[in-house]
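The next block holds one structure in the form of structure tokens; read it before the comments.
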Amino acid sequence: MRMRRAFPLPCTAILALVLLAAAAHLSALDVSDGKIRISLLEGTGRFTMACQNGSGVYVSLLATQDPRTSVLSVVYGNRIYRMGESSEFKETVEKVSGGARFVWRSTFLQVTETFTLIAPTGSTVSSGVRIDLSLRNLTDQEITAGARYLLDTYLGEPANVHFKTSTLAQVNRELTLTPGDKTAWWASPLANDKNQFGLQVMLGGPGITVPDRVVFANWKRLSDSSWAYDTSAARNFSLLPYSVNDSAVAQYYEARAIPRSCELIFTLVMGLVSPSGYTGLTGTAAAPAPAPAADFSTSVLQSLAQGRTASDDAQAATADLASVNAILGEIDARMGSSVSMSDEELALIETALKDLQARSGRFGTAPGG
């Protein structure tokens, strides 16, 4: 629930129109299987997750009034980036085997968030999601990087039943969990639901990365803290007058060292509450996102091949233009980057330019003509 200071009516109307206009331009990549459905919201870096209840109706497991309230943050060195908001990262969204993924690429780091739909232990019906978060070092030296997931929950708020864990029947005040607490899962349950509908997030088990900290607190307090947040048992989930009875969870995967050209992977698992729980070994893993250099080489080679075999001038021109754009895009990405082009990449560019020049007469105008 969100409760903020009231605006005068004209301002409220204007804000509503702005939000509606922005929403109209958002597109989503939807993937579903069994009872679970996820949507990757392109251009925002956010995702939504819904599951069928006992009546077959999809109910969101996270707050969706404004999907931006759940967010992935990445710490690199001493800087923090919110995925989907930083201009230093270029975003792509794509379907993969068993799910979908975001890929964000900068000159120094590639962040890949892969969603795979999975079934709980002992079942064949999907009702959960495994999230594999990859942080790939694109520099020529060792770096440190980590991640924080801020998850905006809501199912238990109306009845003040915010959370429960494998060891606690109810959590209605701020709390921090660490690996030493040996908590298997936490859940955001729908109050008074006989089918025990709710969101369950696994904190350990086969194939799952144990978070360094799990923090239960008021959403605005967590959102306003760029990274670390110290809880107090004296505080509940309200922050008057801005938000009342408004809970959220932050899961921390603190920064680790990543050698040059290597990647670090964190695996999370969440879904519909299941007595048997979930593991990170369920489902078919998607192929990893390609390393930038390999992706660049592949796109250029494919475009060149399409240009050579095109049946007409229009198709050939389109393919050759794709080759040129791939080369220019890679050069632009490397400008100011500490990652220099390899001899193989330089040789590829030289070969591509010669190939393009040799075919330029096909379109009636040679370079310089």
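What follows draws every value from the coordinates through simple rules; no lab data is involved. Not measured: the values here are computed from a predicted model. Because the Cβ atoms are built from the backbone with ideal geometry, glycine has one as well, and the counts that use them run over all protein chains shown.
Ser232 versus Thr92, label points 7 Å from Cα toward the beta carbon: distance in nm?
Between Ser232 and Thr92, the label points sit 4.7 nm apart.
Mind checking which lysines have their C-alpha under 22 Å from Lys35, skipping anything on the same chain fewer than 8 residues away?
Lys95, Lys194
Sorted by average packing, counted as other Cβ atoms within 10 angstrom per residue and highest first, what order do 131-141, 160-170 take?
Packing order, densest peptide first, comes out as 131-141, 160-170.
Ranked highest first by average number of other Cβ atoms within 10 Å, how do 48-61, 113-126 line up?
Going from most to least packed, we get 113-126, 48-61.
When ranked by the protection proxy of mean other Cβ atoms within 10 Å per residue, highest first, what sequence do the peptides 198-209, 178-189, 238-249 form?
Per-residue mean Cβ counts within 10 Å order the peptides as 198-209, 238-249, 178-189.
Using 10 Å bins from zero, what percent of all Cα-Cα pairs in region 45-173 falls into each bin?
Pairs per bin, as whole percents: 10, 33, 34, 19, 4, 0.
Go ahead and run the numbers for FRET between Ser225 and Val59, Cβ-Cβ distance against an R0 of 22 Å, rounding to 0.05.
Computed FRET efficiency for Ser225 and Val59 comes out at 0.15.
Taking 0.36 nm per intervening residue step and subtracting the Cα-Cα distance, what contour gain separates Glu142 from Thr178 on full extension?
10.2 nm
Using only Cα atoms, locate the centre of region 144-198 and the centre of region 224-271, then give the distance between them in Å, rounded to an integer.
Cα centres, region 144-198 to region 224-271: 13 Å.
Measure off 7 Å from each Cα along the Cα-to-Cβ vector at Ser276 and Asn195, then give the distance between these two points in nanometres to one decimal.
About 1.8 nm separates the two model spin labels.
Which of the aspartates and glutamates could be linked to Lys354 by a straight reach, that is with a Cα gap under 19 Å, when you skip same-chain ones fewer than 8 residues away?
Asp313, Asp320, Glu330, Asp343, Glu344, Glu345
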